[in-house]
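K.L.:
Quick one: the structure is below, questions incoming.
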Amino acid sequence: MNTVFNRKILLILILLSITSFTVAKEVNIKTHMLRSALIPGWGEFAAGNKSGFIFLASEIMLLSSRFYFLEEADLKAKASYNYAVKYAHINPNINLSDEYYHYMSRYMNSGFNAGGYNAYIVEIAKARFPDDQEAQTQYIEENKYSDDEYWGWDDSTKQKKYSILRKRITQYGDYAKAITGAVIANHIISALNAFKVSSRLKNLNAHIQLDSNLNPIFTLQYRF
């Protein structure tokens with residue numbers, strides 16, 4: 001369903017850009033900029049400039065990449081959940097937080113035995129309130145996981161594989177966020193480019209690139 005919707009959006013973008021060639025040349029600069037801010041390349045096409053193909057192609061590529069990474073993150077989330085149900089024996093009938101899934105990748109079980117999350121909470125309580133048994137008990141009760149929230153990995157190998165799945169979710173999510181920034185930058189740069197080609201302001205240059213962490217870097221230059 002998402003794939004069909006995504007294809008429809010891309011088709012609409014292409015049709016809008018093609019039909020814009022028929023728009024009268026007297027359209028003002030602000031309108032060209034607004035069009036490119038909404039759909040990268042649209043303003044350039046309306047001004048009769050072929051550079052719009054670059055921005056439209058970039059938009060399609062970026063949106064497709066963002067869709068891919070979001071889909072992969074969702075698939076990995078479902079895979080990690082099913083994996084935890086099978087090998088960590090979590091309760092599939094209750095809602096669990098992201099924090100819970102995070103701790104599952106760090107502790108073999110949720111109990112008070114060695115390597116368990118609740119055992120870790122006990123140690124924290126003793127360290128924070130060394131001379132106050134009542135405060136220790138209260139802290140443990142407020143932070144421990146109940147029997148309904150129990151997990152227990154069959155072995156460390158299963159836990160490590162689960163940890164890898166969870167890391168992939170974070171990675172794909174970060175990629176999608178970075179691409180979202182690039183999409184926004186593409187709209188801004190296309191609007192500036194529409195201004196440039198409409199006003200024949202040749203000394204204005206803007207471009208975007210991604211650094212090693214996939215963060216968008218936006219550069220605007222004007223030569224006097």
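Rule-based calculations on the coordinates, nothing more; no lab input. Remember, it's a predicted structure, so these values are computed and weren't measured experimentally. Glycine also receives a Cβ, built like all others from the backbone with ideal geometry; neighbour counts cover every protein chain displayed.
K.L.:
Please arrange 59, 142, 72 by how many other C-beta atoms lie within 10 Å of their C-beta, fewest to most.
P.N.:
Sorted ascending by nearby Cβ count, the order is 142, 72, 59.
K.L.:
Quick check on the exposure proxy: order 188, 169, 164 from fewest to most C-beta atoms within 10 angstrom.
P.N.:
Ranking 188, 169, 164 by Cβ neighbours within 10 Å, fewest first, gives 164, 188, 169.
K.L.:
If neighbour count is taken as other Cβ atoms inside 10 Å, put 122, 85 in order from fewest to most.
P.N.:
Listed from fewest to most nearby Cβ atoms, that is 85, 122.
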